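Below: one structure, written as structure tokens.
The values are calculated or read from the model by the stated rules, or taken from the named source; none is laboratory data. The structure displayed is predicted, hence computed values, not measured ones. Virtual Cβ from ideal backbone geometry, glycine too; neighbours counted across all protein chains shown.
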Amino acid sequence: MNRRNFVTSSSLVSAGLLSLSPAFASSDNLKNKYSFNLKYAPHLGMFKHNAGDDPIKQLQFMIDQGFTAFEDNNMKKRDIITQNKISSFMLKNNMKMGVFVAHTIYWKEPNLTSGKIDKRNEFLREIKESVEVAKRVNAKWITVVPGHLDLRLNIDYQTSNVIESLKYACNILEPNGITMVLEPLNFRNHPGLFLSKSPQAYKICKSVDSPSCKILFDIYHQQIEEGNLIPNIEACWDEIAYFQIGDNPGRKEPSTGEINYKNIFKYIHDKGFDGVLGMEHGNSKPNKQGEIDVIKAYKQVDNFLI
């Protein structure tokens, strides 16, 4: 992993004061751009009060603040013209695309767990569609959520059904160099879903046994679901391809809740992780100042070597 230049406490404060001034989004800010140690990825809409509604202007704003990646759960729903514009901007600015949601997520009823062929075929059709979107925007990871539990079926049968469907999906993804990342979700926000814990996701990925089936470790969800974050990240490390971020409670930026993100980011960095960490959370404060505070929070927790 290429380590970026680290800053001292005094230079961080100095850079923070400069980048968080009223001229926050001006071209002059480029010379004060912060170099993050990890590839944190804001989502479209996170900085709209400072950058406006235009997705390209939002991406430029992210670049100006030092972010080198972004994610967009709704990328698949955007029109092709917008997708191409985003792709062109990313290519020009050496910006990495994070995840987008690859398929219809069944929040209230079973689909992949049920073993029903029509649900599997629907899933595989949507995976094929997502491959075309991923190629268009140069995305390497797509989010997959296996859906709701089948309360009438033994959990082992459900697991076998999910694994079989994911193996079929890998036959589509592997030739295209795309990885679906399975996201365990917590019981409080998403009660009744099949996939909830990191060891469960690890077991499934080991069973599928493909470079195209890995784990999306969402730190917010796993703090609620199981805690013990760094040991679980360590245990799952060889199957984790992507992280997402959010503090608990509230699912806002780091330092607004109980999670020690400075230590977690240091651990991930020291392990040599060179992938994307999606900022899949809200802003704790509204409007322009709230967006500025999000960026300031990331600078503070990213400055973990001091």
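Some points to look at:
- Screening the range 206-223 for residues that are out of contact with any Leu (no Cβ under 7 Å at 6 or more places or on another chain) and buried (at least 19 other Cβ atoms within 10 Å of the Cβ) and picking the one that is farthest from Met279 (Cα to Cα) gives Lys214.
- If you check Glu164, Glu126 for being of a type outside the set (Ser, Thr, Tyr), surrounded by 14 or more Cβ atoms within 10 Å (Cβ to Cβ) and touching a His at 6+ places or on another chain (Cβ under 6 Å), only one passes: Glu126.
- Count of the range 174-193 residues which are over 19 Å from Ile127 (Cα atoms) and in contact (Cβ under 8 Å) with a residue 24 or more places away in the chain: 8
- Verdict on Ile56 being under 27 Å from Ile245 (Cα atoms), crowded, with 18+ Cβ neighbours inside 10 Å and among the aliphatic types (A, V, I, L, M): no
- Evaluating Lys108 against the criteria (1) buried (at least 21 other Cβ atoms within 10 Å of the Cβ); (2) in contact with a strand residue (DSSP E or B) (Cβ under 9 Å, 6 or more places away or on another chain); (3) not β-branched (Val, Ile, Thr) leaves one unmet condition, (1).
- Scan of the range 49-67 for residues that are under 16 Å from Gly290 (Cα atoms), part of a helix (DSSP H, G or I) and without any contact (Cβ under 8 Å) to a residue 60 or more places away in the chain, ordered by number: Ala51, Gln58, Phe61, Met62
- Qualifying residue in the range 109-130 (condition: hydroxyl-bearing (Ser, Thr, Tyr), more than 22 Å from Gln60 (Cα to Cα) and outside any helix (DSSP H, G or I)): no
- Unique match (being more than 18 Å from Asn111 (Cα to Cα) and among the polar types (S, T, N, Q)) among Ser165, Ser212, Ser196, Ser160: Ser212
- In the range 279-292, the residues that are closer than 16 Å to Gln58 by Cα reach residues that are surrounded by fewer than 22 Cβ atoms within 10 Å (Cβ to Cβ) and hydroxyl-bearing (Ser, Thr, Tyr) with C-beta atoms within less than 9 angstrom, at least six apart or across chains, in these pairs: Gly290/Ser284; Ile292/Ser19.
- All positions within the range 142-171 that are assigned to a helix (DSSP H, G or I), more than 21 Å from Ser130 (Cβ to Cβ) and not small (Gly, Ala, Ser): Ile155, Asp156, Tyr157, Gln158, Thr159
- Answer residue from the range 21-48, given it is hydroxyl-bearing (Ser, Thr, Tyr) and crowded, with 19+ Cβ neighbours inside 10 Å and is modelled with the highest pLDDT among those: Tyr40
- Unique match (being surrounded by 20 or more Cβ atoms within 10 Å (Cβ to Cβ) and among the acidic types (Asp, Glu)) among Asp79, Asp72: Asp72
- Residue count for the range 172-193, restricted to those that are surrounded by 22 or more Cβ atoms within 10 Å (Cβ to Cβ), over 18 Å from the mean Cα position of the chain (by Cα) and closer than 19 Å to Met97 by Cβ: 1.
- Applying the criterion of being closer than 14 Å to Asn37 by Cβ and among the polar types (S, T, N, Q) to the residues of the range 252-306, the residue that is modelled with the lowest pLDDT is Asn303.
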